[in-house]
């Protein structure tokens, strides 16, 4: 489902030329005197931030899917596979954009997307490494309780 949403995001309907007016209306509410250049910069910043966030989420979701119900919280292999898949999807996404009239493909977007995935995987690795994630916090099933309301382990 996530890949389907991302595929839709790379269509003509969400190209910069189609979303610029929406962003402009929102920004002009907060800063009515904003120049055209400022509006274009803000649009660019939001669009590139969205790349990082969506691919960080995809990398994290893929990591979790590869992990499954394994008792181990972190394996470098899972992170590498998630990163490879995410980078491959970024390449396919840019290829799709090259076939769309109002979009253009860029290897820099592939690198930005892959960096977003790497960021998401790094955050997971840091979370696990710092010891904040106990085994139960990653495998807990909140709906499974004893008669006293205590969680089942």
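Remarks
- Summarising the label geometry, the points placed 7 Å from Cα in the beta-carbon direction at residue 119 and residue 20 lie 2.5 nm from one another.
- Sorted by Cβ neighbour density within 10 Å, fewest at the top, the residues 130, 75, 67: 130, 75, 67
- Calculated FRET value between residue 130 and residue 41, using beta carbons and R₀ = 41 Å, to 0.05: 0.70
- The ranking of 1, 42 from fewest to most other beta carbons within 10 Å of each one's beta carbon is 1, 42.
- Computed from the Cβ-Cβ distance with R0 of 41 Å, the FRET efficiency linking residue 31 to residue 3 stands at 0.70.
- Principal axis dimensions, largest first and in whole angstrom, of the stretch 2-132 by Cα: 54, 35, 21
Each value in this text was obtained by applying a stated rule to the coordinates, not by laboratory testing. Keep in mind the model is a prediction, meaning the values are calculated, not measured. Cβ: placed from backbone, ideal geometry, glycine included. Neighbour counts: every protein chain shown.
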